[in-house]
1. For segment 26-39, give me the residue count where each residue is under 17 Å from ALA119 (Cα atoms) and surrounded by fewer than 15 Cβ atoms within 10 Å (Cβ to Cβ).
2. Is it the case that ARG6 is over 27 Å from VAL137 (Cβ atoms), surrounded by 16 or more Cβ atoms within 10 Å (Cβ to Cβ) and either in contact (Cβ under 8 Å) with a residue 24 or more places away in the chain or in the same structural domain as ARG155 (by TED's automatic domain parsing) (or both)?
3. Checking the structure you have, find out if any residue of segment 40-55 is crowded, with 24+ Cβ neighbours inside 10 Å, part of a loop (DSSP other than H, G, I, E, B) and out of contact with any Gly (no Cβ under 6 Å at 6 or more places or on another chain).
4. So, in segment 178-205, of the ones that are without any contact (Cβ under 8 Å) to a residue 60 or more places away in the chain and outside any loop (DSSP other than H, G, I, E, B), which residue ends up farthest from PHE49 (Cα to Cα)?
5. PRO129 is checked against (1) closer than 23 Å to LEU24 by Cα; (2) at pLDDT below 80 and fails just one. What number does that condition carry?
6. Among GLN140, GLN117, which is the only one that is surrounded by 14 or more Cβ atoms within 10 Å (Cβ to Cβ), polar (S, T, N, Q), farther than 19 Å from GLU42 by Cβ and at pLDDT 85 or above?
7. Check off (1) touching a strand residue (DSSP E or B) at 6+ places or on another chain (Cβ under 7 Å); (2) hydrophobic (A, V, I, L, M, F, W, C); (3) at pLDDT 80 or above for PHE109 and give me the number that stays unchecked.
8. Name the residue, out of LEU41, LEU67, LEU52, LEU24, that is touching a Lys or Arg at 6+ places or on another chain (Cβ under 7 Å), in the same structural domain as MET88 (by TED's automatic domain parsing) and closer than 22 Å to VAL107 by Cα.
Amino acid sequence: MPEAFRVLVVDDERSVCDAVVTLLNARGHVSVGAESGEDALERLRREYFDVLLCDVRMPGMSGLDLLTKALDIVPGIPVIMLSGVSDMSTGRDALHRGAMEYLVKPVEFDELDRVVQAAARRRRALATPPVADTTNVELQGGPLDKRHVRIEDSRFRLWVIQRAGGQDLVAAIEAPKVLEAGRTLLGAYGYSSSENVMHWEPAGT
């Protein structure tokens, strides 16, 4: 089985966004969609992603502006830009701003998957997960609000599982795939390096 990577897909056309997310997940990745640059930036602040896959032309915040802001929040994250128009000047601008790839639609999905995997493997091989103060990270929101934990890898999320009489905590990049009978996944805390806290996100959001 190929290695699974976390991918944030950004496209203002919901049908396109959902289709790419579905196809990537079918290949074993863990992808989520965002329909605006603002939504994407908020997710980048709360969650770890191996790759950002972004449309160029979007209303409001353009893909190029998102590229610049995303790299400010998560330096080194591979950004793959997708454009419906073959525009050399826009492509050069995207690469100059730090994009790893600039692809023109329609893109063969095998090729897109290959580029995503290559970018994610390169990042994981080169990156040293940044954690500011691993011994005293505050949890914000959710069932463990205001508590403090120690984390050893900023990519990890702290998954909260409800069981009879209490809760279980699992630190992992991906959500637990199998839960024992009587247990429910409530959500997870994701690390924000800019704030040195972990924000709560309920399951299913």
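The values are calculated or read from the model by the stated rules, or taken from the named source; none is laboratory data. Just so it is clear, the model here is predicted, and its values are computed rather than measured. Neighbour counts are summed over all protein chains in view; Cβ atoms, including those assigned to glycine, are modelled from backbone coordinates with ideal geometry.
1. Number satisfying all stated conditions: 1.
2. no
3. Looking for residues that are crowded, with 24+ Cβ neighbours inside 10 Å, part of a loop (DSSP other than H, G, I, E, B) and out of contact with any Gly (no Cβ under 6 Å at 6 or more places or on another chain), one finds at least one in segment 40-55, hence yes.
4. In this case the residue turns out to be THR184.
5. Just one mismatch for PRO129, condition (1).
6. GLN117
7. (1) is the only condition that PHE109 fails.
8. That would be LEU67, the only listed residue that is touching a Lys or Arg at 6+ places or on another chain (Cβ under 7 Å), in the same structural domain as MET88 (by TED's automatic domain parsing) and closer than 22 Å to VAL107 by Cα.
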